[in-house]
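Here's the structure, in structure tokens; my notes come after.
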Amino acid sequence: MDAIETTAGDLSAGESTRGVELSSEAHWNQTPEDWRHFLARGHVLCERDGGGRAIATGGLMTYGDVAWIGLVLVTPAWRRRGLATRLMRRCMDLAAEQGALAGLDATPDGAKVYEGLGFRAIDRLTRFRRAVDESAGSAPGEELLTPDADAVDRLCALDAGAFGADRSALLADIAARPGARLYRADDAAALVRLGRTARHVGPLHAGSEEAATRLLARILEEERGPLLIDFFDRHSTIAAWLAKQGFSGERPFLRMTLGGALLPGSPDTAFAAAGPEYG
């Protein structure tokens, strides 16, 4: 088997099930809703085997001047044959055609490959996981909002300031999904959504560490099941607090951009990311 036996193409809107299969093989947390959104709003490139089956993917989601690369996946039998690098180069070419800054969240092993393509680390995150918490409450409090238009608009405004690009279409889609919750307290807001293996907390934005901690405490009171949160390492005091709440570090991520250019937002107000596929 060799990478030259594959054919480059695009994953179609009707192939979301195949996308879920690929991300599940990698033990990632994406759901069918994640794949449907990416296929509807982004661009998912793929490589196909001789039978036309998608065996590798690479996705690009463009938010204004920022193009986020994610869902770089290769089915196990075809790994280490250059497919991921080929898809990365195609994603980079698309970002360049759009005049957008390419960014991504990488595992340390992935970062070594991406450095060879010109990416440089600009930030660090840790994925924390909490198992089921049987002691948590279940009744919503006043900070738990129905994801109505005003609440989503407020989250979008905080997100744009922190990330530096308009992701309102993404956040509105997540907020409208079954099982999603939008939490807000003081000058902090966060989304919690369903995932394949755990509910994902993020993005979470706040004007201070105190506000972020209060909101997280409320979320942990309301959310009883397994949770994932991709937390920015710069907020080390809260990261230590999360460990005391039953979270354990699962893996690190490096936030990278092409050439190491900084994203246009204010990163200090970002506490948790939307996920490596979204930024």
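Per-structure values
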| quantity | calculated |
| --- | --- |
| Amide H within-cut-off set for Ile122, under 5 Å, with H built and near neighbours excluded | Arg255, Met256, Thr257 |
| Built amide H within the under 5 Å cut-off of Ala274, gap 5+ | Gly279 |
| Paramagnetic reach from Arg36 (point 7 Å along Cα→Cβ, amide N under 17 Å) across the stretch 177-201 | 177-181, 193-196 |
| Gain in span if fully extended, Ile122 to Ala172, counting 0.36 nm per residue against the direct Cα distance | 15.3 nm |
| Simple label model, 7 Å out from Cα along Cβ direction - Trp241 to Arg214, nm | 1.1 nm |
| Nearest 10 degrees, 0 to 90: helix 32-41 Cα axis against the chain principal axis | 70 degrees |
| Relative contact order for the chain, counting Cα pairs under 8 Å that sit 6 or more residues apart, in percent | 23 percent |
| Volume of the Cα convex hull of the stretch 127-272, divided per residue and given in Å³ | 112 Å³ |
| Selection from Val20, Trp78, Ser168 lying farthest towards where the dipole of the chain points positive, charges on Cβ | Trp78 |
| Angle in degrees between helix 209-222 and the longest Cα principal axis of the chain, rounded to the nearest 10 | 90 degrees |
| Isotropically averaged projected area of the chain, using the convex hull of Cα atoms (one quarter of hull area), nm² | 13.8 nm² |
| Among Ala239, Thr6, Ala54 - extreme Cα towards positive end, dipole of the chain, charges at beta-carbon | Thr6 |
| Debye, to nearest 20: dipole size of the stretch 127-272, +1 on Lys, Arg Cβ, -1 on Asp, Glu Cβ | 640 debye |
| The chain: angle of helix 149-163 to the longest principal axis, Cα-based, in degrees nearest 10 | 60 degrees |
| Rounded Å value of the spacing that divides the Cα centres of the stretch 48-75 and the stretch 216-256 | 28 Å |
| Cut-off under 5 Å, modelled amide H: who pairs with Val66 long-range | Leu101 |
| 3J(HN,Hα) from dihedral phi, the stretch 107-123, Karplus parametrisation 6.51/-1.76/1.60, rounded to Hz, x for glycine, proline | 6, x, 5, x, 4, 4, 5, 5, 4, x, 9, x, 7, 9, 6, 10, 6 |
| Integer Hz, Karplus 6.51/-1.76/1.60 couplings in order for the stretch 20-30, x for Gly and Pro | 4, 4, 5, 5, 5, 4, 8, 6, 8, 9, 5 |
| 20 Å tail of the calculated P(r), the stretch 3-99, as % of Cα pairs | 31 percent |
| Estimated vicinal HN-Hα couplings, Hz - the stretch 172-179 in sequence order (Karplus 6.51, -1.76, 1.60; Gly, Pro = x) | 5, 5, 4, 4, 8, 6, x, x |
| Rounded to 5, the percent of DSSP beta bridges in the stretch 47-120 classed as antiparallel | 75 percent |
| Within the stretch 3-99: Cβ-based charge dipole about Cα centre, in debye rounded to nearest 20 (Lys, Arg +1; Asp, Glu -1) | 260 debye |
| Approximate spin-label separation Arg224-Thr197, in nm, with each point projected 7 Å along Cα-to-Cβ | 2.3 nm |
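Any read-out appearing in this document is the output of simple, stated calculations on the displayed coordinates, not a laboratory observation. This structure is a prediction, so every number in the text was calculated from the model and none was measured. Don't worry about glycine lacking a Cβ; one is built from the backbone with ideal geometry, like all the others, and counts go over all protein chains shown.
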